[in-house]
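Chemist: Handing you a structure now.
Here, each number is a calculation from the coordinates, and none is a lab measurement. Source: prediction; values computed, not measured. Positions of Cβ are backbone-derived with ideal geometry, glycine not excepted, and every protein chain shown enters the neighbour counts.
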Amino acid sequence: MKILVAIKRVQDYNVKVRPKSDGSDVDIDGVKMGINPFDENALEEALRLREQELATEITVVSIGDSKNEDVLRHGLAMGANRAILIESEEYLQPLGVAKVLKGLVEKEKPDLILLGKLALDSDAGQTGQMLAGLLNYPQGTFVSKIEIDNNKLIVTREIDGGTNILEMNIPAVLTADLRLNEPRFVKLPNLMMARKKTIEKIKVSELASDTSTKLELLEVSVPPSRKAGIKVSSVKELLEKLKTKNIDKHSRLIKKLFFDYTNYSLSIKKYKRIRKKLLKSI
């Protein structure tokens, strides 16, 4: 089984970025960059499947300029067999990326395509779904577990309030969640050897004819800072503060909470006395 893993070069997750002075975009000049963490989880899972002899070849691919070679070499150091750089001077939005990857999938014919569930820079979480739609492949998003049984994928995905288990045919597109695995530590000798390996290069125009931008970025700004809260010493003072701010609904909410609260740590008699005092003050 051949696996294609798409990886992206983004700012380090420990770095706090700022918008440019003119608000046109995020300022990443001099910012530490690296592989998108979710993409690293996707690559780690591909490597584990190969270690289980369920995969034979792993190819990592990235779209961008020559700066993206560092994340591709990181992928090679982790254990990928091949690396492909799709050369593009423009920043592609998710649909454009999906179109380019579709062209590469049609050329390389992988059995499984793995991506991170989202990228730290845009936080869109759209590329995997769009790619699956363009290819008409089954998809599993926010995946936290992958199993292969009789040439079928059994994936566990994170959803609100629990997990969802899907069974699908191969080829398929999967997007990795951080819970999928813990990426391995890349050793220095592997990084040095990766520097000597060849990175294949393909022009973006060879894979997709239309990668034009569909959305316009109007402005990037820092969100307004939150105002400092007010500390109160008692419930009575809290209610007075709420009353002065003319927020009756909060008073009603507190009233309801005290009525419904059944796990009170004090004795029932003391709880009733406090509740009576609170309700009287309301």
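Chemist: Helix-only estimate, please: 222 nm mean residue ellipticity of the chain, summing -39500 (n - 2.57) across DSSP H runs of length 4 or more and dividing by its residues, to the nearest 500.
Modeler: When only DSSP H runs of four or more count, the value is -10000 deg cm²/dmol.
Chemist: What list of whole percents do you get for P(r) of the stretch 76-175, with Cα-Cα distances grouped in 10 Å bins up to the one holding the largest distance?
Modeler: Binned Cα distances yield the sequence 14, 43, 36, 7, 0.
Chemist: While we're looking at this one, here's another question. Could you pull out the pairs from 20/99; 2/197; 109/201; 102/196; 107/201 whose alpha carbons sit more than 23 Å apart here?
Modeler: Going by Cα-Cα distance, 20/99; 102/196 fall outside the 23 Å limit.
Chemist: Expected output is a single nm value to one decimal: the length gained when fully extending between residue 16 and residue 236, i.e. 0.36 nm times separation in residues minus the C-alpha distance. What is it?
Modeler: This chain segment gains 75.1 nm when fully extended.
Chemist: Of all alpha-carbon pairs in the chain, indicate the percentage at a distance above 29 angstrom.
Modeler: Tail fraction, whole percent: 48.
Chemist: Which whole-number percentage describes the relative contact order of the chain, with Cα contacts under 8 Å and a sequence gap of 6 or more?
Modeler: It comes to 21 percent, rounded to a whole number.
Chemist: In whole Å, how far is the Cα centre of the stretch 162-219 from that of the stretch 1-35?
Modeler: Each part's Cα centre sits 14 Å from the other's.
Chemist: I'd like to know which of 171, 233, 30 lies farthest towards the positive end of the charge dipole of the chain, counting +1 on Cβ of Lys and Arg and -1 on Cβ of Asp and Glu.
Modeler: The one lying farthest along the dipole's positive direction is 233.
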